[in-house]
Amino acid sequence: MLTIHGLPVSVHTRKVIVAALEKQIAYRNEPVIPFDPPPGWATLSPTGKIPVVTEGDLVLRDSSAICAWLERRQPQPALYPAAAGPFAEALWLEEYADGTVFREVIHGLFFQQVIRPNILKQPSDQAAIASVLGQAAPKVLGYLEAQVDGEHLVGDAFGIADIAVVSNLINFHYLGHALDPARYPKLGRYFRQQIRRPAFRQALQAERPFADSMGLSTAFLAASDPVTA
Ligand SMILES: N[C@@H](CCC(=O)N[C@@H](CS)C(=O)NCC(=O)O)C(=O)O
């Protein structure tokens, strides 16, 4: 059985967990916290980041590399489009989510709202939070809003772009922020539909104790079940 190392409320760890759940690949989760890693972690994760996957002697790093490996390991159900154009579009949105959405919005908010007060024992920088919410978030969420055209982000099947984007949006909600329905009506509806998928439900249920212990906001989970939009 493979082991997914990483705190399950992490955007990139959840991405791998949901991909494994969609493919019904059995795994166990080792909830490694990057700020307080276990001995030997630097060998498993040269960047110090989560997630890492191990299976026997195999060690895999980076959520994108791991998800691509899962697809080769068990091709069905496919999480990547077969045709070249949609495949590239899915990889772009995966990269946009993992890089831009995470780095410019989620990471900054998480650092200020959770890491600084709870782990570093420093006050949150309210100006930094306001800057992310006022400048970076509208740009990124506006782009995502424009990408929603139907049930899934690429083509007519659920896939890696949906997993990567929705995983970021879950943490945006965990941090107590909402998608303004006037500005992001399609993205909000899309998000509420996606988190009802069995794989997201299962992942969210399993990570709930971590979310609760970290004081994250879970009100959106009750509000989105059943989908009312
Ligand atoms: N490109 C990496 C990014 C992983 C990443 O940024 N993970 C975050 C948690 S979601 C992390 O480990 N942060 C701690 C750190 O940067 O030290 C991937 O896709 O796995």
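The values are calculated or read from the model by the stated rules, or taken from the named source; none is laboratory data. Keep in mind that what you see is a predicted model, and the values were worked out from it rather than measured. Here the Cβ positions follow ideal geometry from the backbone for every residue, glycine too, while neighbour counts run over all protein chains shown. Quick note on the areas: whole protein, heavy atoms, side chains included, nothing else; ligands and nucleic acids left out. Shrake-Rupley method; radii C 1.70, N 1.55, O 1.52, S 1.80 Å.
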What single numbered condition from (1) open to solvent by less than 70 Å² (accessible area, probe 1.4 Å); (2) of a type in the set (Gly, Ala, Ser); (3) more than 12 Å from the ligand (Cβ to nearest atom) fails to hold for Ser63? (3)
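Tell me the residue from Pro86, Pro75 that is touching a Gly at 6+ places or on another chain (Cβ under 6 Å) and closer than 21 Å to Lys23 by Cα, please.
Numbers: Pro75 fails: touching a Gly at 6+ places or on another chain (Cβ under 6 Å).
None of the other options fit; the residue is Pro86.
If only one of Val154, Val148, Val53 is within 16 Å of the ligand (Cβ to nearest atom) and open to solvent by less than 60 Å² (accessible area, probe 1.4 Å), which one is it? Walk me through how you get there before you give the answer.
Details: Val154 fails: within 16 Å of the ligand (Cβ to nearest atom); Val148 fails: within 16 Å of the ligand (Cβ to nearest atom).
The conditions single out Val53.
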Just to be sure before I move on: is Ala161 over 17 Å from Ser217 (Cβ atoms), touching a residue at least 60 places away in the same chain (Cβ under 8 Å) and part of a helix (DSSP H, G or I) in the structure I sent? yes
Where a residue in the stretch 182-194 is in the same structural domain as Asn171 (by TED's automatic domain parsing) and its partner, wherever it lies, is surrounded by 21 or more Cβ atoms within 10 Å (Cβ to Cβ) and of a type in the set (A, V, I, L, M, F, W, C), with Cβ under 6 Å and at least six apart: Tyr184/Leu141; Leu187/Leu144; Leu187/Leu179; Gly188/Leu179; Phe191/Leu169; Gln194/Val166
What do you reckon, is Arg208 in contact (Cβ under 8 Å) with a residue 24 or more places away in the chain, open to solvent by 60 Å² or more (accessible area, probe 1.4 Å) and part of a helix (DSSP H, G or I)? no
Criterion violated by Glu95 - all others in (1) surrounded by fewer than 17 Cβ atoms within 10 Å (Cβ to Cβ); (2) out of contact with any Ser or Thr (no Cβ under 9 Å at 6 or more places or on another chain) satisfied: (2)
Pick from the stretch 1-49, criterion near the ligand (Cβ under 8 Å from one of its atoms) and at positive phi, ranking: surrounded by the most Cβ atoms within 10 Å (Cβ to Cβ): Gly6
